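Participant: This is the structure I want to talk about, given as structure tokens.
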Amino acid sequence: MMTHEQARIAFMQLIDSFEFKSLDQSMIFTQNQPTKNGGPFEAPDDGLWCQVFIRNAPSFISGLADTPCTRTVGNLIIQCFDRVGNDTLSLTELSDAWIKHLQFKCVEHLELLQGSVIDVGETEDFYQFNVIFEYRVN
């Protein structure tokens, strides 16, 4: 059985191994993770950046034997941003790269499922795409 903390570590390892030509790893902000300088994350003046969130849903019993088998499901959400005024080609390529990197990956008892891209549109000074993966643990 995989714990929530073990699943979080597996997610972070997958995120840390992501490479994309025009996105520096330091521009991928993950929840509850301090920046390299120890301060809050600040969006860059130009270029792409991402925020990553793990959202667990309620667990349920998926099988019975000597003891019940509990399964946790949820979503891995990667919010991708670029400044308003740029075309969305870079965001589209970035979203495709996230899907190629994460879709249908398995790490021990963590299984990432299909990836979806949602065009959120303009939010303040940024244009936003969300890349969302359903997952299950155990």
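Participant: Can you give the Rg to Rh ratio for the range 1-74, taking only C-alpha atoms and Rh from Kirkwood?
Facilitator: 1.13
Participant: Which ³J(HN,Hα) values, rounded to whole Hz and listed in residue order, are derived for the range 114-129 from phi using the Karplus coefficients 6.51, -1.76 and 1.60 in 6.51 cos²θ - 1.76 cosθ + 1.60 with θ = phi - 60°, glycine and proline given as x?
Facilitator: 5, x, 10, 10, 10, 7, 7, x, 7, 9, 6, 9, 10, 9, 10, 10
Participant: Could you point to the label whose value was computed as Rg/Rh (Cα atoms, Kirkwood Rh) for the structure here, given [x] 1.02; [y] 0.95; [z] 1.07?
Facilitator: Here Rg/Rh (Cα atoms, Kirkwood Rh) agrees with entry [x].
Participant: Okay, next question. Given a cut-off of under 8 Å on Cα pairs at least six residues apart, what relative contact order in percent is computed for the range 42-128?
Facilitator: Relative contact order for the range 42-128 comes out at 25 percent.
Participant: Tell me, what is the FRET efficiency for GLU108 and PHE41 to the nearest 0.05, using R0 = 22 angstrom and their Cβ-Cβ distance as r?
Facilitator: E between GLU108 and PHE41, to the nearest 0.05, is 0.15.
Participant: Summing -39500 (n - 2.57) over the DSSP H runs of n ≥ 4 in the chain and dividing by its residue number, what mean residue ellipticity at 222 nm do you reach, to the nearest 500 deg cm²/dmol?
Facilitator: Using -39500 (n - 2.57) per qualifying helix, the result is -6500 deg cm²/dmol.
Participant: Find the relative contact order for the range 1-82 and round it to a whole percent, using C-alpha pairs within less than 8 Å whose residues are 6+ positions apart.
Facilitator: 24 percent.
Participant: Give the accessible surface of the chain per residue, rounded to a whole number of Å², with probe radius 1.4 Å and ligands, DNA and RNA excluded.
Facilitator: On the way: 8090 Å² over 138 residues.
On a per-residue basis, 59 Å².
Participant: For the range 48-53, take each phi angle, set θ = phi - 60°, evaluate the Karplus expression 6.51 cos²θ - 1.76 cosθ + 1.60, and give the result in whole Hz per residue in order, putting x for glycine and proline.
Facilitator: Running phi through 6.51 cos²θ - 1.76 cosθ + 1.60 with θ = phi - 60° gives 7, 7, 9, 10, 10, 9 Hz.
Participant: Could you give the C-alpha radius of gyration of the range 68-138 expressed as a fraction of 2.2 N^0.38 Å, taking N as the number of residues it contains?
Facilitator: This ratio for the range 68-138 stands at 1.30.
Participant: When the accessible area of the chain is computed with all protein chains present and a 1.4 Å probe, what percentage of it is carbon and sulfur? Could the numbers behind the result be given before it?
Facilitator: Values: 4000 of 8090 Å².
Carbon and sulfur: 49 percent of the exposed surface of the chain.
Participant: For the Cα atoms of the chain, what angle does the longest principal axis make with the long axis of helix 4-16, in degrees from 0 to 90, nearest 10?
Facilitator: 30 degrees
Participant: Further question on the same structure: Relative to the first principal axis of the alpha-carbon coordinates of the chain, what is the inclination of helix 89-102, with its axis defined by its Cα atoms, in degrees from 0 to 90 and to the nearest 10?
Facilitator: 20 degrees
The values are calculated or read from the model by the stated rules, or taken from the named source; none is laboratory data. As the structure is a prediction and not an experimental result, all values here were calculated from the model. So basically every Cβ, Gly included, is an ideal-geometry build from the backbone, and we count neighbours across all protein chains shown. Note: areas computed on protein heavy atoms with side chains; ligands, DNA, RNA excluded. Shrake-Rupley method; radii C 1.70, N 1.55, O 1.52, S 1.80 Å.
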